[in-house]
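Please read the structure below before turning to the comments.
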Amino acid sequence: MEVISQILMPSTLLFLLLGSILGLFIGALPGLSATMGVAILTPMTFWLPPEQGLAMLIAIYCTAIFAGGVPAILVNTPGTPASMVTSFDGFALTKQGKSGLALGVNAIYSGLGGVISVIFLMVFSQPIAQFALNFGAAEYFALAIFGLSIMVSVSGKSIRKGMISGFIGLLIATVGLDPITSTQRFTFNQSDLYEGISFIPIMIGLFGLGEVFFQFLLKNDQNNIKENVKERSDRILPNKKERREMRKPFLFSSILSPIIGAIPGAGGDIASIVTWEQSKRFVKGEKKKEYGKGSLAGLAATTTANNGVIGGAFTTMLTLGLPGDAVTAILIGALMMYGLQPGPNLFVEDPDIVYTIIGLLLLANILVIILGLLGSRLFVRIMMVRKEYIWVSVILFSVIGSFALNNSFFDVWIVFISGVVGLIFRKLDYPLGPMILGLLLGPMAESNFRRALLMGGDFSYSIFFTRPISLILIIIAIVSLIIPVLNKMNQRRKRNV
């Protein structure tokens, strides 16, 4: 009851609403993303109590993911990676004069998918956390190695580039004082580096300024939104026949997407592709041929998956301390700034914050439905904002946010350096996901590796292979590394043949 009263306080609800409105703008504007929005605005929330700051960040996350489907539907330009598949059927419906209906389906099923994923979080988080309480240093090291093995799956087209990006993140994570002996490493006698390079400024630079710099240097501008967008007056709510058509794909997607979201490194983009493809099995006859040409069933499946992964991603983050996706990676940093450590101990030491997060996720996804339906006409206007205004706003928020983090100009320099690195990575097509995994999981892997060796005595490595949980996690990590490499080799062999 105490948690419920905190969530329903007017101040908390105000920040939840404010985050939802910001998320609408961030998601509906092509080129911005939920990751960028949460990264830039995270420092702005540190002066707030945890429940209010988390309300704002969670609302931005949930709403921006949904709102990314708006430009995908109206102008065939996904606002976020998760909404890429939304454009397949959404834009086709717009060309048929059904943009209002497509926007309505996007709002309703994104919100419902998010609500069901929160139920997944409520049911499975406690048992997983109880199991994880048995973890020692060896198990946590193996868990970190498993998380780092996801580098391969988030490397995109080139595993080599992904591994290079990941090892750069690991290298940056070693800056500061040694976790066991407190010896200086890569500090160059700079006091600002004694505690390492702060995670949040790097995130702001990579995803905020890096994206702005990249868009600024693009020679070929995006589609002229003012010419392509036409406000329509068709209905927004689906009728009974259409709801029946979307029922099975929705139920299938709402069950599968939280499971996909719980896999570290898998996000809404993967879930939307998988559920869209697999949901065809529930559609018969001519309706199956409509997939990609304006299918409401296909649109319901993919929009459900957009927000359906959120509960799964939070389950992994809260119970194991591993980021389910890029946004939860940033939220791990935010929780640490509040003095909270995601992982099984969080359920024992700060259970109230876990229940607060669950309640905020539930309210945020309900707001997605309400604001999505009420604001469907407003979205057209949002997308007409000039890019120059957006760029200036992002840069301003990045500078203010990074300085406010520690009242340090050093963090501002980190943001700009990270922004240049983000630009270079985008130009060279190097993925940023592996670097983030290295930054987050590197310290966890190193400290627990060395503690486990001390516990094993005589620095024996057998402790990692004689404990069942750590052995299983290491085997899974090795398999996760080998399978993508073998798949790449098979693809090359087939091309040569």
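Computed from the coordinates by the stated procedures, all read-outs in this text should not be read as laboratory data. Every value quoted in this text rests on a predicted model; they were computed, and no experiment measured them. Neighbour counts are summed over all protein chains in view; Cβ atoms, including those assigned to glycine, are modelled from backbone coordinates with ideal geometry.
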Gyration tensor (alpha-carbon) shape descriptor, the range 388-497, a/c threshold 1.5: oblate
Sequence of 455, 317 once ranked by neighbouring C-beta atoms within 10 Å, starting from the fewest: 455, 317
Relative contact order of the chain, defined on C-alpha pairs under 8 angstrom at six or more residues apart (%): 28 percent
Alpha-carbon centroid distance for the pair the range 80-115 / the range 342-370, whole angstrom: 27 Å
Label of the coordinate-derived value, volume of the Cα convex hull per residue in Å³, listed as (1) 163; (2) 186; (3) 154: (1)
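Can you name the helices of the chain, as whole DSSP H runs, whose Cα span along the helix axis is 20 Å or more and whose Kyte-Doolittle mean is not below 0.5?
Qualifying helices, which must be both long enough and hydrophobic enough, are 10-28, 50-67, 99-132, 159-173, 296-320, 351-374, 387-406, 409-427, 433-456, 468-496.
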Where trypsin sites (Lys or Arg not before Pro) fall in DSSP loop in the range 457-497, at most 12 other Cβ within 10 Å: none
